[in-house]
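> Shown below is the structure under consideration.
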Amino acid sequence: MMGKLKLAVFFSGGGSTLQNLIEHIHSGSLNAEILWTLSSRTGIAGIERAEEAGVPAIIVPRKDFDSHQSFSEKINDHLADHPVDLIVLAGFMSLYHYPPEYNRRVVNIHPALIPAFCGLGMYGHHVHDAVIESGVKVTGSTVHFADNEYDRGPIILQEAIPVLDDDTPETVAERVQELERKLYPAAIQLISEDRLWIDGNRVKFKSP
Ligand code: GAR
């Protein structure tokens, strides 16, 4: 059996994505361990969730830095001393530039079908508001390798759900979040099993 994939999980909010990963690790459906987490804000629920799970939470407030470069450097100093196999962005709302050796070792989840409804300012309820407003018939969730830009990079898993006539941003958000709880651990498990390879911008699957 392959060893556990060593993760760092970065968040900026409630940490429900982090909590879901912790639960999948505990139940054995995700062969990984979270070595540390990082919050870009103080006083948010994600920090408590990490601490309750016995995982260190490093706090690097984005507001203390005047550029994403200096913010990223601070994070990368910590990363150099505490290396991991994979950085998992879990509702991380600040632009972060990872060091070159982490290329294709940073993943993100976005609550829509990228390249639609993503990018700067497109997070949380803003995404679902825009989906309802636009009249699209499908939305969904995307897990992708992060590309040093918001919500960009080769797509690992992507799944659609219908947008129904009586949907509101809240009901769409609920069904997308349900999908996210399945999709993110599944994508990370594929990485832990070394089942992926990247061909240009396309992620392909090796046979088991
Ligand atoms: C998740 O729905 C995730 O897809 C989204 O933020 C939420 C985090 O929830 N990410 C983005 O919008 C990235 N652009 P959480 O803070 O409760 O884990």
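The values are calculated or read from the model by the stated rules, or taken from the named source; none is laboratory data. Source: prediction; values computed, not measured. Glycine also receives a Cβ, built like all others from the backbone with ideal geometry; neighbour counts cover every protein chain displayed. Surface areas here come from the heavy atoms of the whole protein model, side chains and all, with no ligands, DNA or RNA. Shrake-Rupley method; radii C 1.70, N 1.55, O 1.52, S 1.80 Å.
> Can you say whether residue 32 is within 15 Å of the ligand (Cβ to nearest atom) and not basic (Lys, Arg), as far as the supplied structure shows?
no
> Does residue 128 satisfy the criteria of being in contact (Cβ under 8 Å) with a residue 12 or more places away in the chain, more than 17 Å from residue 69 (Cβ to Cβ) and under 13 Å from the mean Cα position of the chain (by Cα)?
Details: in contact (Cβ under 8 Å) with a residue 12 or more places away in the chain: yes; more than 17 Å from residue 69 (Cβ to Cβ): yes; under 13 Å from the mean Cα position of the chain (by Cα): no.
The answer is no for residue 128.
> Can you run down the residue pairs with Cβ atoms below 9 Å, 6 or more apart or on separate chains, where the first is in segment 100-122 and on the phi > 0 side of the Ramachandran plot and the partner is part of a strand (DSSP E or B) and more than 9 Å from the ligand (Cβ to nearest atom)?
That search, which allows pairs on different chains as well, returns 104/145; 104/198; 117/139.
> Just wondering, is there one or more residues in segment 18-25 that are open to solvent by less than 10 Å² (accessible area, probe 1.4 Å), within 11 Å of the ligand (Cβ to nearest atom), touching a residue at least 40 places away in the same chain (Cβ under 8 Å) and in a strand (DSSP E or B)?
No, segment 18-25 has no match at all.
> Okay, moving on. For segment 1-16, enumerate the residues that are within 11 Å of the ligand (Cβ to nearest atom) and out of contact with any Leu (no Cβ under 9 Å at 6 or more places or on another chain).
Within segment 1-16, 12, 13, 14, 15, 16 meet the criteria.
> Run residue 13 past the list (1) at pLDDT 95 or above; (2) surrounded by 18 or more Cβ atoms within 10 Å (Cβ to Cβ); (3) within 18 Å of the chain's Cα centre (by Cα) and report the number of the one that doesn't hold.
So residue 13 meets the others, but not (1).
> If you go through segment 152-189 one residue at a time, how many are loosely packed, with under 15 Cβ neighbours inside 10 Å, in contact (Cβ under 8 Å) with a residue 24 or more places away in the chain and of a type in the set (Val, Ile, Thr)?
Here the count works out to 1.
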